[in-house]
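Read through the structure below, which is laid out as structure tokens, and then see the notes.
The values are calculated or read from the model by the stated rules, or taken from the named source; none is laboratory data. All values derive from a computational prediction rather than experimental measurement. Ideal geometry is used to build each Cβ from the backbone, glycine not excepted, and the neighbour counts take in all protein chains shown. These area figures cover heavy atoms from the full protein model, side chains too; ligands, DNA and RNA do not enter into them. Shrake-Rupley method; radii C 1.70, N 1.55, O 1.52, S 1.80 Å.
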Amino acid sequence: MTGLILAAEGTPSPLVPAVYDIVWSAVCLAIIGFVFWKKVLPLFQKVLAERTEKIEGGIARAEAAQAEAQRTLEQYREQLAEARAEAARIRDDARAEGQQIIDEMREQAQAESARIVAQGQHQLDAQRAQIVAELRADLGRVAVELAGKVVGESLEDEARRRGTVDRFLDELDATAAPATK
């Protein structure tokens with residue numbers, strides 16, 4: 001407001017420029033704006049577009065890499081699942097084979113045990129028969145001696161002695177047989 005008062009008195013105000021300065025400044029500003037609009041702004045837009053492409057391309061590459069990593073991860077998981085299934089199958093096969101070996105060894109041990117028991121039983125029967133034969137002979141000899149002492153006659157005659165012993169053993173077997181049944 002004070003500038004208007006001074007301008008009205010006829011002295012120019014140092015704050016308000018002259019009209020020709022305003023016109024030339026506007027023309028320069030329009031030329032600079034036109035050059036900026038036609039030359040500089042397209043360069044900025046081109047640089048910004050390139051940067052946008054690079055960023056979008058980087059994002060696309062990153063998404064593709066992430067998708068590839070996801071596919072690789074899925075393949076790894078499938079292979080891991082297959083490996084685990086294979087390991088479980090191998091473990092099951094090993095357990096079955098181990099059980100089969102144990103069963104075979106058990107059968108072999110039982111067969112060997114049965115063979116040893118049968119052999120032992122056979123030896124026992126043979127020894128028993130031998131002991132019975134020895135006892136019969138000893139018993140026959142003792143019976144002959146006792147019979148000779150009781151009867152008072154000599155049983156030296158072989159035929160008589162053998163007949164007496166056989167008769168005695170038959171009677172002994174007859175009395176022992178009902179007791180064992």
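Which one of PRO17, CYS28, ALA85 has its Cα pushed farthest toward the positive end of the charge dipole of the stretch 1-133, where Lys and Arg give +1 and Asp and Glu give -1 at the Cβ?
In the stretch 1-133, that residue is PRO17.
For GLN108 and ASP166, compute 0.36 nm times the residue count separating them, minus their Cα-Cα distance, and round to one decimal in nm.
Stretched out fully, the GLN108 to ASP166 stretch lengthens by 16.2 nm.
Count the lysine pairs in the stretch 17-180 that are 8 or more places apart or on different chains: how many have C-alpha atoms under 25 angstrom apart?
4
Relative to the compact-globule scaling 2.2 N^0.38 Å, provide the ratio for the alpha-carbon radius of gyration of the stretch 18-62.
1.97
Given the Cα-Cα distance of GLU134 and GLU86 and 0.36 nm per residue of separation, how much length would full extension add, in nm?
10.3 nm
Starting from the alpha-carbon convex hull of the stretch 17-180, give the projected area averaged over all orientations, in nm².
So the mean shadow area of the Cα hull is 25.9 nm².
Which value, in debye to the nearest 20, describes the size of the charge dipole of the stretch 17-180 about its Cα centre when Lys and Arg Cβ atoms bear +1, Asp and Glu Cβ atoms bear -1, and nothing else is charged?
Dipole of the stretch 17-180, to the nearest 20 debye: 1580 debye.
Using only protein heavy atoms and a 1.4 Å probe, report how much of TYR76 is accessible, in Å² to the nearest 10.
Estimated to the nearest 10 Å², TYR76 gives 130 Å².
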